[in-house]
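Working notes, structure below.
Where a number appears in this text, it was derived from the coordinates with a stated rule and is not lab data. In this text, all values refer to a predicted model and were calculated from it rather than measured experimentally. Cβ placement follows ideal geometry from the backbone for every residue including glycine, while neighbour counts extend to all protein chains displayed.
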Amino acid sequence: MSKRAAKRVSKRDLPAHAARVWEALAAAHPDAHCELAHRNAFELLCATILSAQCTDKRVNLTTPALFAAYPDAHALAAADVADVERLVQPTGFYRNKARNLIGMARGLVDRHGGEVPRTMDELVLLPGVGRKTANVILGNAYGINAGVTVDTHVHRLSRRLGLARGDDPVAIEQELIPLFPRDDWAMLSHRLIFHGRRVCDARTPRCGACTLADVCPSSLRADDGAGA
Ligand code: SF4
């Protein structure tokens, strides 16, 4: 895909543009949802830590054995790191991830009675948990829209769709927040991620089959040159 920048949407037109994008995304992916398998906040936290640089599909193949061996924070906090490394090895970066999982579980036990906290400030103090992971937990496990989860798909699509110009996830999140109602923030991430995985691929976006092409300033269909 060309690195040429997406056509700019003027600041004045941005709210109306965002509303049109939202309408098209909702029509394309009405049932978008978190694709990491989990039964509770603890499992989602483990799965999200494992999802760094790994597909959700691979994480979902890995977590059943992990959750069977360590069903809660107390069990994981007492785990042997070599045992956890062996279980999470297929997700890559397994030494770091195993250390973060055990450190996170110890943080839950030491500071939160083994429960996953419900605030951004508390979550980001846990090992392996940044703002992105905290947004995933708050939005999906607790229904709290504290921010917008900006992963690689949200990052790429926000720029291609002309919703954001920033280059880092924190800047992009701050651009998205005023454009969408708070109640929609979690679903906005889900729909952008669904669209990124199924249609707007990083290297080969399928603009010809994309139902957002009419509202997308990067559409190859419109000008034969898509953006960043
Ligand atoms: S039109 Fe192309 S660049 Fe725009 S969202 Fe669709 S696939 Fe992505």
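Okay, here's what the table says:
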item	result
All positions within segment 118-132 that are within 16 Å of GLY147 (Cα to Cα) and assigned to a loop (DSSP other than H, G, I, E, B)	ARG118, THR119, VAL124, VAL129, GLY130
Criterion (within 29 Å of LEU176 (Cα to Cα) and surrounded by fewer than 19 Cβ atoms within 10 Å (Cβ to Cβ)) met by exactly one of ASP72, ASP121, ASP110, ASP80	ASP121
Hits in segment 145-156 (condition: among the β-branched types (Val, Ile, Thr) and either surrounded by fewer than 20 Cβ atoms within 10 Å (Cβ to Cβ) or part of a loop (DSSP other than H, G, I, E, B) (or both))	VAL148, THR149, VAL150, THR152
Helices (runs of 4 or more DSSP H) wholly inside segment 157-228 containing at least 2 residues that are surrounded by fewer than 23 Cβ atoms within 10 Å (Cβ to Cβ) and within 11 Å of the ligand (Cβ to nearest atom)	185-198, 220-223
Candidate set: segment 124-142, residues that are β-branched (Val, Ile, Thr) and in contact (Cβ under 8 Å) with a residue 40 or more places away in the chain; chosen: the one surrounded by the most Cβ atoms within 10 Å (Cβ to Cβ)	ILE137
The one condition in (1) under 20 Å from the mean Cα position of the chain (by Cα); (2) in contact (Cβ under 8 Å) with a residue 24 or more places away in the chain that ALA73 fails to fulfil	(1)
Selected residue (only one of ALA171, ALA186 is hydrophobic (A, V, I, L, M, F, W, C) and closer than 27 Å to ASN96 by Cα)	ALA171
Any chance GLU115 is acidic (Asp, Glu) and either buried (at least 18 other Cβ atoms within 10 Å of the Cβ) or in a helix (DSSP H, G or I) (or both)	no
Sole exception among (1) touching a residue at least 40 places away in the same chain (Cβ under 8 Å); (2) touching a Pro at 6+ places or on another chain (Cβ under 6 Å) for THR62, by number	(1)
Some residue of segment 136-144 being more than 14 Å from ILE49 (Cβ to Cβ), in a loop (DSSP other than H, G, I, E, B) and of a type in the set (A, V, I, L, M, F, W, C)	yes
